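None of the figures in this text is laboratory data; all of them are computed from the coordinates on show. Computed from a predicted structure; not experimentally measured. When we count neighbours, we look across all protein chains shown, and the Cβ atoms used for this are built from the backbone with ideal geometry, even at glycine.
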Ligand code: ADP
């Protein structure tokens, strides 16, 4: 449009249309032809902004201060958009031969099409924004559900567990962090359930173990009460039976207290440096009267002098139980050998007997609380079934290990690391 305006301005200048009234007809015709050709209105201004000619013929003689016209007269040719009137203006100056601005040509074209296109785009954009917003809201909702749902699941399980239902598991199928969390959580609940089960079993075992001597005492005392004139010897015998049942209960309670202390009070371990040789010699010396009673040969041997940082009392208890068992479960005239050896990492204490032995299926169970093998369950050995559990706890406190082998008697092998990390003990 600006090019057209320039061409028209050049023609006006060349034809001297502005100042020569004789050329008026040609001027009018030319404007009409150009206006038809371009499909727009052409208005010609003089330098005072008066309308000199108009292809529409409606505004000739009027004065309009149109910014584009003023601009072209004072500065340079320009164009402008009028959104309200939906038109485009293009203004070019008319120059004389001396290049002075003597007027201006304003080409006015309808911008309906452009504005319709813009409006359509705006409309579509508006719909697009609304749809995008809705989609975004839906997406955010679903993503938050994806995160919140597993959290809710976990929360529900935790709530149930805190109510005491420990058999809860989280079921998460995805393979993300929630899955890992659920896996760790399930492992933890399994452990909790196990602890709960063990505790239940332990309580029932304790009750059972205490019930047996209690029933015996009850039967003995009732029979004494209900029978008149019982000979004194029978009285004495019954009372001595009651007395040994009470001793048995006392042993069980004492062993239980020791176990509880070992289990709960990891910090109560009293670490000092002491000689393992001396400790074992003392144990053998102390238990030898029991061995002599059964004509059992009890002997200690070692391949060197060894010292260890540990709790002497607890280790003494642990090994005493092993030696005591060796004597208990070996027939008259048997052997119980205690041996101390070492390599460059560990000390090894072996307690070997040639007694009744333990069959393979039972070897893994003898360290359980109250477990007694089939061979010894009925025998009156006075055992509580807690000795080996105590031994294992004490050895574990020293970061050690206990193994059992049975082949022509029984051999317990206690492994104690030479350097016990203090953090593990304390
Ligand atoms: P207890 O007080 O019955 O001896 P322990 O916990 O010390 O309890 O031992 C558990 C069981 O392991 C014993 O009842 C016995 O059946 C078996 N046992 C332990 N040591 C020996 C051994 N040296 N020889 C044969 N059986 C053994």
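With an 8 Å cut-off on Cα pairs and a minimum separation of 6 or more residues, tell me the relative contact order of the chain in percent.
Numbers: 580 pairs, mean separation 38.6, N = 426.
RCO, the chain: 9 percent.
With everything on Cα atoms, drop me the angle between helix 276-293 and the longest principal axis of the chain, reported from 0 to 90° to the nearest 10.
It is inclined by approximately 40 degrees.
Neighbour counts of other C-beta atoms within 10 Å: give me 366, 234 arranged from fewest to most. Working shown, then result.
Numbers: 366 21, 234 12.
Ordered from fewest to most neighbouring Cβ atoms within 10 Å, 366, 234 come out as 234, 366.
Would you look at the GNM of the chain, springs on alpha carbons closer than 10 Å, and say which of 142, 126, 367 moves the most?
Comparing 142, 126, 367 in the GNM, the peak value goes to 126.
To check my understanding: the extent here is largest minus smallest coordinate of the Cα atoms along each principal axis. What are those three numbers for the chain, in Å, largest first?
Answer, in whole Å and largest first: 167, 61, 34 Å.
Students often get this wrong: which residues of the stretch 72-104 have the backbone nitrogen under 20 Å from the point 7 angstrom along Cα-to-C-beta of residue 20?
Counting backbone N atoms under 20 Å from the label point, the list is 94-104.
Based on DSSP H runs of at least 4 residues, each adding -39500 (n - 2.57), what is the mean residue ellipticity at 222 nm of the chain after dividing by all its residues, to the nearest 500 deg cm²/dmol? Please report the intermediate quantities before stating the final value.
Numbers: 12 runs with 228 residues, N = 426.
For the chain, the value works out to -18500 deg cm²/dmol.
Measuring from label point to label point, each 7 Å out along Cα→Cβ, what is the residue 292 to residue 58 span in nm?
With each label point 7 Å from Cα toward Cβ, the separation is 14.1 nm.
Compute the distance in nm between two label points, each set 7 Å from the Cα along the Cα-to-Cβ direction, one at residue 118 and one at residue 228.
Roughly 12.8 nm, to one decimal.
Ranking 324, 228, 100, 309 by Cβ neighbours within 10 Å, fewest first, what do you get?
228, 100, 309, 324
Given the options 57, 218, 314, state which has the largest fluctuation in a GNM of the chain using a 10 Å cut-off (strictly under) for Cα springs.
Its mean-square fluctuation being the largest, the pick is 57.
Dimensions of the stretch 8-60 along principal axes (Cα, Å, largest first)?
Between the extreme Cα coordinates on each principal axis of the stretch 8-60 lie 27, 20, 17 Å.
Compare 199, 86, 286 in a GNM of the chain, Cα atoms joined below 10 Å, and give the one with the largest fluctuation.
Maximum fluctuation in the GNM of the chain, among the listed residues, is at 86.
Relative to the longest principal axis of the C-alpha atoms of the chain, give the angle of the C-alpha long axis of helix 112-162, reported between 0 and 90° and rounded to the nearest 10°.
Helix 112-162 sits at roughly 10 degrees to that axis.
I'd like the distance between the alpha-carbon centres of the stretch 269-309 and the stretch 1-65, rounded to an integer number of Å.
Cα centroid of the stretch 269-309 versus Cα centroid of the stretch 1-65: 130 Å apart.
At 10 °C and a viscosity of 1.306 mPa s, what translational diffusion coefficient does Stokes-Einstein give for the stretch 265-354, taking Rh as the Kirkwood radius over Cα pairs? Give it in µm²/s as a whole number. All intermediate terms of the calculation are to be shown ahead of the outcome.
Details: Rh = 13.7 Å.
Diffusion coefficient, whole number: 116 µm²/s.
Treating the angle as unsigned and between 0 and 90°, give the value, to the nearest 10°, between the Cα long axis of helix 232-264 and the longest Cα principal axis of the chain.
30
Can you sort 208, 297 so the residue with the fewest Cβ neighbours within 10 Å comes first?
Values: 208 10, 297 13.
Ordered from fewest to most neighbouring Cβ atoms within 10 Å, 208, 297 come out as 208, 297.
How many angstrom separate the Cα center of the stretch 172-191 from the Cα center of the stretch 349-373?
Centre-to-centre distance over Cα atoms comes out at 38 Å.
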